[in-house]
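**Q** Encoded as structure tokens, here's the structure I'll be asking about.
The values are calculated or read from the model by the stated rules, or taken from the named source; none is laboratory data. All of these numbers come straight from a predicted model, not from anything done at the bench. Every residue, glycine among them, receives a Cβ derived from its backbone with ideal geometry; neighbour counts consider all protein chains shown.
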Amino acid sequence: MHRLMYVMTLVAALFAASPQAGASDGPVGAVRPAAEDLSYSRFCQPQDLPGTWRLVKFDSPYQFKDPRAPYLLPHQLFHFAKGGGLKSAHSARPIEEAPHKVFARIPLVITYTFLRNGVVSVKAKGTAEAMETWQCITITQDRNDEDRRLAMKRGDIVMTLVGKHGQIIFMRQLRKGAA
């Protein structure tokens, strides 16, 4: 079995096993994979996210059905601030302007917090209820899979949006700096 499919299946199993998984269901259960399952990845930790990230396009069976969803646009930037602020930019065309200039024009209306290592809650600034819950994995070793046209580099993160009932809704791979 391809290692990436194993990680995706592992992520799905983690959330399917938790009755509390979901965008607004609060903390996710404490199910953890065995250490040997994490040979080229680990759950994200709070120090992993701060910085500016670009979307890396990769094949995933998990895609939104709404064609207007910004997640489907091919060029995306994300800025995770150390203080918990989150800004994102999505475009049909390449984003060529310096990220700091792009983010200077975007108001801070979204925040993120870690519920625990590997689980990130995203919500509107000033609200208590989470809008989205993401499973987050940090890649610890370069990983290439020619069959799936996949190239993961050490330091990349893979974020998996999880629905109210533990279902995987969407996956994205992010890389710090240029992708």
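**Q** Could you pull out the residue among 46, 70 that is over 17 Å from residue 158 (Cα atoms), modelled with pLDDT of 70 or more and in contact with a strand residue (DSSP E or B) (Cβ under 9 Å, 6 or more places away or on another chain)?
**A** 70
**Q** Out of segment 120-153, which residues are free of Cβ contacts under 8 Å to residues at least 60 places away in the same chain and more than 17 Å from residue 173 (Cβ to Cβ)?
**A** Within segment 120-153, 121, 122, 123, 124, 125, 126, 127, 128 meet the criteria.
**Q** If you don't mind, there's one more thing I want to ask. Only one of (1) within 20 Å of residue 55 (Cα to Cα); (2) in contact (Cβ under 8 Å) with a residue 24 or more places away in the chain; (3) of a type in the set (A, V, I, L, M, F, W, C); (4) part of a strand (DSSP E or B) is not met by residue 103, so which one is it?
**A** (4)
**Q** Looking at 92, 124, 151, 130, can you tell me which residue is buried (at least 19 other Cβ atoms within 10 Å of the Cβ) and modelled with pLDDT under 95? Reasoning before the result, please.
**A** Numbers: 92 fails: buried (at least 19 other Cβ atoms within 10 Å of the Cβ); 124 fails: buried (at least 19 other Cβ atoms within 10 Å of the Cβ); 151 fails: buried (at least 19 other Cβ atoms within 10 Å of the Cβ).
Answer to the check: 130.
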